Amino acid sequence: MIELHSSPTPNGQKVMIMLEEIGIEWKHIDVDINVGEQFQPEHLKLNPNNKIPAIVDTEGPGGSPYTMMESGAILFYLAQKTGKFLPVEVRKRYDTLQWLFFQVAHIGPMFGQANHFNRQARDNQYARDRYNNESLRLYRVLENRLGASAWLGCDEYSIADIATYPWCKGHAERGVDGETFPSFMRWFIAMETRPAVQRNNEMAAEIRARMEKAAKNKSVINMYDTKDNGERLARATSGKDKA
């Protein structure tokens, strides 16, 4: 059994898709980052970085429970555990890992910054231009890669595709379409036809609605306020934060 402690963010959905693809028994344990549940002591034991997702594998290495944070590492762990979606052939394996790390190091951070400044700090035109332009450049990198390869990592569907797809749902906001990015759109459509991806998208909407209902009458935090987040973490780990 895999316990997924998470929210339906792009990083959370990576793991949801993987769990659906491998067909392992799992359950979602809601961690609402909008109300600060990532700072609760029980979650910090799973992820000291006060982020999601985190997993608990009740039958981890050696047969005992094992916890893991960081979505890219979780995908690699689940691929290793099940022997699925990470090629065995050495060159394909390394190609897949390169593109998994490309998502973790570039797609996630840059798309995340673009989303932040476009939604939370629209008056900062320099930052918006910087991250929107970099996001568009990264879409071009994906387009070039997918023009040469059926899937992102290699000629097989893999954890590189699973990691990247949730971050690309907002491609239309960047002006990415079939005319200018045909190879990317071919890949994106292929991703959305996969049953596991379709189940993920349905579950993500259900979880989001469930969290919104549970959050009524709770105080919403500004999860983008890094100073406040640092202070919350300090209080939580010192045992002084009872909120």
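The values are calculated or read from the model by the stated rules, or taken from the named source; none is laboratory data. Computed from a predicted structure; not experimentally measured. Note that we place each Cβ from the backbone using ideal geometry, even for glycine, and neighbour counts take in every protein chain shown.
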Checklist outcome for this item: The residue that is farthest from the chain's Cα centre (by Cα), considering only those in region 172-190 that are surrounded by fewer than 22 Cβ atoms within 10 Å (Cβ to Cβ) and under 28 Å from Tyr77 (Cβ atoms), is Ala190
Checklist entry - Are there any helices (runs of 4 or more DSSP H) wholly within region 180-243 with 1 or more residues that are among the basic types (Lys, Arg), touching a helix residue (DSSP H, G or I) at 6+ places or on another chain (Cβ under 7 Å) and over 29 Å from Val141 (Cα atoms), and if so which? => result 226-238
Checklist entry - Can you pull out the residues in region 50-71 that are in contact (Cβ under 8 Å) with a residue 12 or more places away in the chain and among the small types (Gly, Ala, Ser)? => result Ala54, Ser71
Item to check | Set Gly112, Gly72, Gly62, Gly108: member being in a helix (DSSP H, G or I), outside the structural domain of Arg145 (by TED's automatic domain parsing) and either polar (S, T, N, Q) or within 30 Å of Ala127 (Cα to Cα) (or both) | outcome: Gly72
Checklist entry - Among the residues of region 151-162, is any charged (D, E, K, R), under 30 Å from Ile24 (Cβ atoms), at pLDDT 95 or above and surrounded by 17 or more Cβ atoms within 10 Å (Cβ to Cβ)? => result yes
Checklist entry - Glu231: of a type outside the set (Val, Ile, Thr), under 16 Å from Thr9 (Cβ atoms) and in the same structural domain as Pro10 (by TED's automatic domain parsing), yes or no? => result no
